[in-house]
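The values are calculated or read from the model by the stated rules, or taken from the named source; none is laboratory data. Just so it is clear, the structure is predicted and the values come from calculations on it, not from any experiment. Quick reminder, even Gly has a Cβ in these numbers, built from the backbone with ideal geometry, and neighbours come from all protein chains shown. Ligands, DNA and RNA are stripped out before the accessible areas are found, and what is left, the full protein with its side chains, is counted by its heavy atoms. Shrake-Rupley method; radii C 1.70, N 1.55, O 1.52, S 1.80 Å.
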Amino acid sequence: MRTFQCLALVAFLTQAGMSLASESVIIAHRNASGYLPEHTLAGLSVAHSMGSDFVEPDVVLTKDNVPIVMHDIYLDETTDVAIKFPRKKRPDGRWYAIDFKLKEIQSLTSMERFDRTTGDVRYKGRFPKEVGLFKVPTLDEYIVLVKALNKSFNANVGIYLELKDPAFHKNAKKDISLSVLNVLSRYGYATRDSGVVIQCFDAETLKELRAVHKTELPLVQLIGDDDPTGRNNYSVMKTEEGLAEIAKYANGVAPNISHILKKDQASPIGVSATKLVEWAHRNQLFVHVYTVRSDDLPPGVPSEEFLLKLLIQMAKVDGVFTDFPDRTKAIVKNL
Ligand code: CA
């Protein structure tokens, strides 16, 4: 049965023009990253065709201030930058996207995520790393493809965009919020109902988006475990008071699985829900939890189905980020 909070979310997303195949929102994490290298246009196409409610691009800036779709501020764990530009390595041993012009980044091959020290892929059962067919897309290219697929599939898949490390960009005298908002507005993504959600781990950035940039786009506060920079206090964000504070500038929160479920010896299944979802809903915030990976389940969790039952039925989250949107969608449909 739908709770009031679920109805509120459905109303919010319906108002925002989102398609909802089921009550739970399915967000294709880094696109269908369980099947194709993360953030490639091929992965986006697969995620879209799997009936995801949203596709999820992470965005960083190039040296010439072009928003590109990439999870890391580094290039060295998802591309062949170390081979093509050995001399552009910084003294810390890393290759940074922000040191490269778009033209240089477009010369790279995008591949399955790997460990830069060993070269081993992060997830062994996934797409072969040696397939060199893909490039790093710009946000422009990504949006053009989403819009085109929405037309050809007669669909309304939304874009759940993450601004990566705004403070890092600011230190380099770059305003990632402004660069991204400019691209979005060029494609008509500016209002609450336009089909784009912006997510960020940095509270100040979200507050600025609302108060300074005056964006109407729905905003989501990502909640992490800790912030070494000290800019964000995620422990406070997980409290009832912290969530009330978030509700002043954001529409939803995205905590990780460990913020939602806790070990509980008193429970017959050994696990219970934290209060986070209840408190968020009380403050009219929707909750989308990251990240469901059928090939990398939390310790002690026997199956994705069991995990989704805990998250959706027991803890009552409103949606999930998943690396395998088709599997997750099929399971959720039958819960
Ligand atoms: Ca992300």
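Projecting the Cα atoms of VAL55, THR322, HIS281 onto the dipole axis of the chain, where Lys and Arg carry +1 and Asp and Glu carry -1 at the beta carbon, places VAL55 farthest toward the positive end. The residues of the chain have, on average, 44 Å² of accessible surface per residue, using a 1.4 Å probe with all protein chains present.
The calculated FRET efficiency for ASP264 paired with SER152, based on their beta-carbon distance and R0 = 41 Å, is about 0.30. In whole percent, how big is the carbon plus sulfur part of the accessible area of the chain, probe 1.4 Å, protein atoms only? Result for the chain: 53 percent of the exposed heavy-atom area is carbon or sulfur. In this simple spin-label approximation, VAL131 and LYS214 carry label points 7 Å from Cα along the Cα→Cβ vector, and these lie 4.7 nm apart. Relative protection proxy for 319-326, 66-73, from highest mean packing down: 319-326, 66-73 (other beta-carbon atoms within 10 angstrom). Full extension of the segment from LYS103 to SER303, taken as 0.36 nm per residue of separation minus the current Cα-Cα distance, would add 67.7 nm. Remark: the PHE114-ASN233 segment gains 39.8 nm on full extension, using 0.36 nm per residue and subtracting the alpha carbon distance.
Around the Cα centre of the chain, unit charges on the Cβ atoms of Lys, Arg, Asp and Glu (plus for the first two, minus for the last two) sum to a dipole of about 460 debye.
Positive end of the dipole of the range 152-276 (Cβ unit charges, origin at the Cα centre): among GLN221, VAL271, LEU184, the Cα lying farthest that way belongs to LEU184. Calculate the FRET efficiency for GLN284 and ARG87 from the Cβ-Cβ distance with a Förster distance of 56 Å, rounded to the nearest 0.05. The calculated FRET efficiency here is 0.60. Of the listed residues HIS259, HIS213, the order by accessible area with a 1.4 Å probe, largest first, is HIS213, HIS259.
Averaged over residues, the count of other Cβ atoms within 10 Å places the peptides 227-235, 162-170, 129-137 in the sequence 162-170, 129-137, 227-235, highest first.
Using a cutoff of 8 angstrom between alpha carbon atoms and counting only pairs six or more residues apart, the relative contact order for the chain works out to 19 percent. Rounded to the nearest 20 debye, the dipole size of the range 174-248 about its Cα centre is 380 debye, using +1 on the Cβ of Lys and Arg and -1 on the Cβ of Asp and Glu.
Mean residue ellipticity, 222 nm, helices only, the chain: the sum of -39500 (n - 2.57) across DSSP H runs of n ≥ 4, divided by residue count and rounded to 500, is -8500 deg cm²/dmol.
Annotation: amide H-H contacts under 5 Å for ASP58 (H modelled 1.01 Å from N, sequence separation of 5 or more, or interchain): MET70, GLU162.
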